[in-house]
Amino acid sequence: MNKEYLRLEKNGRNILLIFAELRKSMPPLQSVKKIMEEFPELNLVQAKELMVLHDTDYKSLEDYQENLFTKILDELGGQDTGKNQEI
């Protein structure tokens, strides 16, 4: 986990706790938008990483994206695209 998130607080509450509370009442994208409003120093990638950290067992956005990319490649590798078919 990116340690910079542990330092971000508002009214004595950590950003991860605030995001978890937002997710209880809002869908993921609305939560990302709201956390960016609450913490204007966050960019979109950082806000998405908070969502990944909260909603999955991944420890970083990079781990999530690497796994997602691997899954996509595996799925594409299992599909017959027609390029190797004999005519």
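The values are calculated or read from the model by the stated rules, or taken from the named source; none is laboratory data. This one's a predicted model, so the numbers in the text were calculated from it and none came from an experiment. No Cβ is skipped: glycine too gets one built from the backbone with ideal geometry, and neighbour counts run over all protein chains shown.
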**Asked** In this structure, does Glu49 turn out to be touching a Ser or Thr at 6+ places or on another chain (Cβ under 8 Å) and of a type outside the set (A, V, I, L, M, F, W, C)?
**Response** yes
**Message:** What are the pairs with Cβ atoms under 7 angstrom where one residue, in region 22-36, is touching a residue at least 24 places away in the same chain (Cβ under 8 Å) and the other, located anywhere, is surrounded by 14 or more Cβ atoms within 10 Å (Cβ to Cβ) and of a type in the set (A, V, I, L, M, F, W, C)? Sequence gap at least six, or different chains.
**Reply:** Pro28/Met51
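When you go through Gly12, Gly78 one by one, which is the residue that is small (Gly, Ala, Ser) and modelled with pLDDT under 85? Spell out how you get there, then give the answer.
On the way: Gly12 fails: modelled with pLDDT under 85.
One residue alone meets the criteria, Gly78.
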**Fill in**
Selection from region 36-54 of residues surrounded by 14 or more Cβ atoms within 10 Å (Cβ to Cβ) and within 13 Å of the chain's Cα centre (by Cα) yields Gln46, Ala47, Lys48, Glu49, Leu50, Met51, Val52, Leu53, His54
**Complete:** When Leu61 is run through (1) at pLDDT below 85; (2) under 16 Å from the mean Cα position of the chain (by Cα); (3) loosely packed, with under 10 Cβ neighbours inside 10 Å, the failure sits at (3)
**Residue list for region 1-35, restricted to those being in a helix (DSSP H, G or I), in contact with a strand residue (DSSP E or B) (Cβ under 9 Å, 6 or more places away or on another chain) and surrounded by 14 or more Cβ atoms within 10 Å (Cβ to Cβ)** = Tyr5, Ile15, Ile18
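What number of residues within region 5-20 satisfy the criterion of being without any contact (Cβ under 8 Å) to a residue 24 or more places away in the chain and closer than 24 Å to Asp63 by Cβ? If you could, list the steps in order and put the result at the bottom.
Taking region 5-20 first, the residues without any contact (Cβ under 8 Å) to a residue 24 or more places away in the chain are 6-7, 9, 11-14, 17-18.
Narrowing the set further to residues that are closer than 24 Å to Asp63 by Cβ leaves 6-7, 14, 17-18.
Number of matching residues: 5.
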